[in-house]
Amino acid sequence: MFRFCKSDILRVSLNALPCPLPHPPPPTPRPYQCGHCSQSFSQPSDLRNHVVTHSSDRPFKCGYCGRAFAGATTLNNHIRTHTGEKPFK
Ligand SMILES: [Zn+2]
Ligand SMILES: [Zn+2]
């Protein structure tokens, strides 16, 4: 199934100006799925680089309790449990 944006349909039917918006690239097949989370990757090396963030390599350490996290976002979310900030509510 080929996807048109609205402007494309207009262009085809009304011979109007070309669509000014960048079209989203076609989705890249990502057959290498992480077994620890829902992320998937197109290259096995990318998956390998990602998987280590779940196991040994956790460079983001909590200054309050010493727990380590794979990502800065995860760490910041965790630190909020110490500081009591509740930005999502
Ligand atoms: Zn993962
Ligand atoms: Zn902590």
- Query: Taking amide hydrogens as modeled 1.01 Å from N in the peptide plane, which residues meet the under 5 Å criterion relative to PHE69, leaving out close sequence neighbours?
  - Reply: PHE60, LYS61, CYS62
- What residues have an amide H closer than 5 Å to that of GLN39, excluding those fewer than 5 places away on the same chain, when H is modeled at 1.01 Å from N in the peptide plane? CYS34
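The numbers here are math on the coordinates, done by the rules we state, and not lab data. All of these numbers come straight from a predicted model, not from anything done at the bench.
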